Amino acid sequence: MTAIEPSDTVRLTVNGAPAEVNAAPHDRLVDMLRGPLGLTGAAIGCDTAVCGACTVLLDGCAVKSCTVLALQANDTDVVTVEGLATPDSLNTLQDAFLRHGAVQCGYCTAGMLVAGVDLLNRHGASLDEATIRNGISGNLCRCTGYRSIVSAIAEAAAALAAEDGRAR
Ligand code: FES
Ligand code: FES
């Protein structure tokens with residue numbers, strides 16, 4: 001029988017930078033991000049894969065980081081809400097959230113932004129309202145600001161469409 005190691009080293013890329021963290025077999029990705037990596041944007045809301053507050057991109061796909069073991073993130077590329085903006089500017093979706101007042105208490109916001117980026121990456125300028133509503137159905141906003149959040153994601157998709165038009 002193989003002995004369970006008390007901890008192991010996780011090597012991954014986080015927001016574009018290499019990182020190396022010791023993790024125990026039961027540590028979750030969200031704990032590793034919020035603890036040793038100091039990235040507290042991904043919030044813990046439910047701990048049961050319901051609320052989506054802990055959503056991050058793992059190898060480009062939105063995942064609920066409370067459902068991923070830290071060791072499973074070895075050799076992956078993780079992007080958290082902290083990685084969406086540059087020091088000088090917000091990204092298009094963050095700008096749209098501000099313009100639409102899509103933030104109230106802010107608890108869901110990191111997860112909503114990451115879920116929105118995932119939708120924009122997958123659907124680009126063709127992202128429509130039904131797809132947005134379906135795409136964020138795993139992210140709960142206790143302040144119930146869904147209308148503004150959907151409008152902000154739709155506006156970011158429209159901005160992408162306008163950029164595509166200019167590029168042609
Ligand atoms: S804390 Fe992960 S889904 Fe709620
Ligand atoms: S803004 Fe408060 S939970 Fe969404």
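The values are calculated or read from the model by the stated rules, or taken from the named source; none is laboratory data. Quantities reported herein were computed from a predicted structural model and do not represent experimental measurements. Side chains are part of the model used for accessible areas, which takes the heavy atoms of the whole protein and leaves out ligands, DNA and RNA. Shrake-Rupley method; radii C 1.70, N 1.55, O 1.52, S 1.80 Å.
Share of Cα-Cα pairs in the range 65-115 beyond 15 Å, in percent?
Pairs farther apart than 15 Å: 55 percent.
Test of understanding: in a Gaussian network model of the chain with alpha carbons linked when under 10 Å, which of A157, A43, A125 would top the mean-square fluctuation ranking? Of A157, A43, A125, the Gaussian network model singles out A125 as fluctuating most. Relative to the longest principal Cα axis of the chain, at what angle does helix 146-167 sit, 0 to 90 degrees, rounded to 10? The angle comes out near 80 degrees. For the chain, take the longest principal axis of its alpha carbons; what is the angle in degrees between that and the long axis of helix 109-123, to the nearest 10 within 0 to 90? For 109-123 against the chain, the angle is about 70 degrees. Shape summary of the chain, radius of gyration then Dmax from alpha carbon positions: 16.7, 61 Å.
Accessible area per residue for the chain, computed on protein heavy atoms with a 1.4 Å probe, is 52 Å².
By accessible area, using a 1.4 Å probe on protein heavy atoms only, the range 8-83 has 49% of its surface on carbon and sulfur. In plain terms, the chain from N134 to T9 could stretch by 41.3 nm, reckoned as 0.36 nm per residue minus the Cα-Cα distance. Taking the accessible area of the range 92-167, probe 1.4 Å, and keeping the other protein chains in place, the carbon and sulfur fraction comes to 51%. Its relative contact order, with pairs defined as Cα atoms under 8 Å and 6+ residues apart, puts the chain at 22 percent. Between T55, T40, T144, the Gaussian network model of the chain with springs among Cα atoms under 10 angstrom shows the greatest mean-square fluctuation at T144. When the chain is treated as a GNM with alpha-carbon contacts under 10 Å, the residue of L98, L127, L71 showing the greatest mean-square fluctuation is L98. Our summary of shape: the Cα atoms of the range 8-83 have principal axis extents of 28, 25, 20 Å, ordered from largest down, in whole angstrom. Multiplying the residue separation of A161 and R99 by 0.36 nm and removing their Cα-Cα distance gives an extension gain of 20.5 nm.
Given the convex hull of the Cα atoms of the range 92-167, what is a quarter of its surface area in nm²? Computed as one quarter of the Cα hull surface, the answer is 4.4 nm². Given the C-alpha centroids of the range 46-80 and the range 99-122, what is the distance between them in whole angstrom? With the range 46-80 and the range 99-122 each reduced to a Cα centre, they are spaced 16 Å.
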